[in-house]
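Values quoted throughout were computed directly from the atomic coordinates according to the rules given, and no laboratory measurement underlies them. Please read these numbers as outputs of a predicted model, since none were measured by experiment. Positions of Cβ are backbone-derived with ideal geometry, glycine not excepted, and every protein chain shown enters the neighbour counts.
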Amino acid sequence: MIAAEVRGLSKVYNAGGSRAFEALKNFDLSINANEFFTLLGPSGCGKTTLLRILGGFEALTEGTCTIFGQDVSRLPPEARPVNTVFQQYALFPHMSVRRNIAFGLEMLGTPRAETERRVDRMLALVHMSDYADRKPDTMSGGQRQRVALARALAPQPKLLLLDEPLSALDLKLRQKMRLELKALQRETGITFIFVTHDQEEALAMSDRIAVIDKGRLQQVGTPEDIYENPESRFVADFIGESNLLDARVSAVNGGEAALIVEGFADIRAPIGRPLAVGQLVSLSVRPERLILREAGQDVPGGIARVVARTYLGNAVEYHLVAGGQTLTAHAPRGGLRGLLDFVPGDTVSVGFEPGSIKVVSS
Amino acid sequence: MSVRQLSFSSRISPRLTDLGLLGPAIAVILVFMVAPMAIMFVYSFLEAAPYGGVEWRFTTDAYTSILFERDFLDDSLTFTPDYLVVLARSVFQAGIATLLCLVISVPTAYYIATRPERQKNIWLVLITIPYWVNLLIRTIALLFVLRGDGPINAVLMNLGFISEPLPLSYNGFAVCLGLIYSFLPFMVLPLYSAFERFDFRLLEAAYDLYASRRTAFLRIVLPVMRPGLIAGSLLVFIPSIGSYLAPDILGGGKTLMIGNLIGTQFQSARNWPFGAALSMILLTLTLLVLLWLARRAGQQTSDCR
């Protein structure tokens, strides 16, 4: 079942004016029911605009927006079966935690006894029962975060929108809240649409991720999918760390292509879409999937020079130069490969783990 | 050596420094507020001297005569509502003026607070411009506008809307208009700062939780802006209730307010104790309003609903 869907969605701010700005361009996206779905992208990419359109806080310029089969394109926020956890929480400062959580239910005309019962359950769900009578300004960021969650979940929305809810918290709390959010989503079975610019957060929590850049959808997939098989240079670069190499197609043989990285190596890699001989492409390789050996050892790859070595604790990071392009390699400490260590100036053989090279569109 | 050690507060004892900083303010309050009020309080319990001033004999006559008239012949007291009417009229006029100021100021303040920074300053300066001219001059100027032969009536009569001049001056309407005109900025400015601090995301949150525009205004905007609303209302109501100029000039002395009554006692009527007693009543009334509001505000913060 589809929880939310946008078709041909465009959003232009100051339409017609000299400062017109197209925040979203011809956007198509389907979000399944019971999914933890993340909109991921750098700031200003349009992800928050998309969320605000789903919530009804912004009008769309073109296209349609449906929620559980109902066209909500022209509906105001109060008419949508959707609730939002706002970035700075936007808790009502003059109301206690209990009244904040009860607000949505009261607006829906829920009977008083039922409201109080539901509020108690929400308080327990977010572990805030002891704070029911406190005012928001007497609480910490993490506590406010939980109240905002409980307030948005209390009316049992079909869709919960979360606008970077963790960005105001410190690292430790953020990591804890990630697990709690994920657990909460599973417990309630409500579809979560989560906006973030933090790729680590997205990978850790999501069932599926949509990567957005400059108002355009770049790629949709599971975290593994997005990380292992980035389709574009942007996705490869934005999600995790990635080595991006310029290469030229020298031959195509069925599902495999021979590629030349000038001055470095001849590489074979599987391809997902047709490529022409002579075409320029980008290759993406994760730093942890490079294999370093002493120069002269025969590995399928090329020769590079070490220019810097950084000790990271659980790994060592080498910066390499190969044929005018730079590479980063992560070698774990200990284990077979860890026994080897290099210093700047060394020449090394660089190999690639099988299946580690992805051809991405530039 | 830290900055703290260098500051002169460590050389002189902290208490002395505090006294030095606060001293002028305390002196001003003592000389210009506490002392005159104390004199007024004492005078209100003395006998009036025939040509102004007081006789140093204790009596509560001044207070009695607010409610009762003493018969010349048999010294009996009869109830007279005259002064109560003046007091009630003052409260009513000030109340209406405060209410209308609120109605005018809420949209005005909202508009200014939601402009870009540069425009905001221009609007705020415009709001305060009337204050560069003396209140007396402005009030008299307003009278010229409202008079029977003033521009408003002239225009309306020339256009044929009316055949007789409208009675715009020398009545309660003119007084109320004068009060609004005099004190409007005292309402706009606190409301402006309240709107400026208002987090409009709270409104989005309210809509998101199925509140209608009306409900969101009543249950979110009004309570959150409450301190600004109270401050503005007090700043208009308190000077309005004791206002002297507007009723005197625009009311033409016909719609007497308590400020005029008090003024008359110290001038032509030469009954200082009675004027002092009326002042004490006005002061008590104002303090009661303040106290009531302060208590309500206190309940708001401790009440968890």
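Is the C-alpha gyration tensor of the stretch B:157-305 telling us rounded, prolate or oblate? Criteria: a/c under 1.5 is rounded; beyond that, a/b larger than b/c is prolate, otherwise oblate.
It is oblate, given that a/c is not under 1.5 and a/b is not larger than b/c.
What FRET efficiency, computed as 1/(1 + (r/R0)^6) with R0 = 35 Å and r the Cβ-Cβ distance, is obtained for B:Leu16 and B:Ala38, rounded to the nearest 0.05?
0.80
I'd like the antiparallel share, as a percent to the nearest 5, of DSSP beta bridges with both residues in chain A.
Of the beta bridges lying entirely in chain A, close to 75 percent run antiparallel.
Where both residues lie in the protein assembly as shown, what percent of DSSP beta bridges are antiparallel, nearest 5?
80 percent
Just to be sure I understand the model, the point goes 7 Å from the Cα along the line to the Cβ. What's the resulting A:Gln88 to B:Leu126 distance in nm?
2.8 nm
May I ask you to order A:43-53, A:107-117, A:197-207, B:108-118 by the average number of other C-beta atoms within 10 Å around their residues, highest value first?
Ranked by mean Cβ neighbours within 10 Å, highest first: A:43-53, A:197-207, B:108-118, A:107-117.
Would you look at the GNM of chain B, springs on alpha carbons closer than 10 Å, and say which of B:Ala38, B:Ala174, B:Ala62 moves the most?
B:Ala38
Measuring from label point to label point, each 7 Å out along Cα→Cβ, what is the B:Ser193 to A:Asn14 span in nm?
3.3 nm
Could you sort out which of A:Lys25/A:Lys47; A:Lys11/A:Lys47; A:Lys25/A:Lys358; A:Lys47/A:Lys358; A:Lys47/A:Lys214 sit more than 18 Å apart by Cα distance in this structure?
Among A:Lys25/A:Lys47; A:Lys11/A:Lys47; A:Lys25/A:Lys358; A:Lys47/A:Lys358; A:Lys47/A:Lys214, the Cα-Cα distance tops 18 Å for A:Lys25/A:Lys358; A:Lys47/A:Lys358.
For A:Asp130 and A:Ala204, calculate 0.36 nm times their separation in residues minus their Cα-Cα distance, and state this gained length in nm to one decimal.
Once the chain is fully extended between A:Asp130 and A:Ala204, it gains 23.7 nm.
Local charge sum around A:Phe27 (other residues, Cβ-Cβ under 15 Å, Lys/Arg +1, Asp/Glu -1)?
My count for the surroundings of A:Phe27 gives +1.
Say we join alpha carbon atoms closer than 10 Å with springs in a Gaussian network model of chain A; which of A:Leu340, A:Leu153, A:Leu40 then has the biggest fluctuation?
A:Leu340
I'd like to compare A:86-93, B:215-222: which one has the highest average count of other Cβ atoms within 10 Å, and what's the full order after that?
Sorting A:86-93, B:215-222 by mean packing, highest first, produces A:86-93, B:215-222.
Label-point separation (nm) for A:Asn32 and B:Glu69, each offset 7 Å from Cα along Cα-to-Cβ?
It is 9.2 nm.
Give me the extension gain from B:Val289 to B:Ile162: residue separation times 0.36 nm, minus the current Cα-Cα distance, reported in nm with one decimal.
The B:Val289-B:Ile162 span can extend by a further 41.5 nm.
I'd like the distance separating the alpha-carbon centroids of the stretch A:226-257 and the stretch B:154-190, in whole Å.
Distance between centres, Cα-based: 77 Å.
Find the percent of Cα-Cα distances in chain B that exceed 34 Å, and round it to a whole number.
The proportion of pairs with Cα distances above 34 Å equals 44 percent.
Quick check: the angle from helix A:141-153's long axis to the longest principal axis of chain A, C-alpha only, nearest 10 degrees?
Orientation of helix A:141-153: about 70 degrees from the principal axis.
On a 0 to 90 degree scale, rounded to 10, what angle separates helix A:171-188 from the longest Cα axis of chain A?
Rounded to the nearest ten degrees, it is 60.
Quick one: compute the contact order of chain B, relative version, from alpha carbon pairs under 8 angstrom and 6+ residues apart, as a percent.
Contact order relative to length: 25 percent.
Assuming 0.36 nm per residue, please report the length gained on full extension of the stretch A:Glu22 to A:Asp246 beyond their Cα-Cα distance.
In short, 77.6 nm is gained.
Relative contact order for the stretch B:90-270: what is it in percent, counting Cα pairs under 8 Å that are at least 6 residues apart?
34 percent
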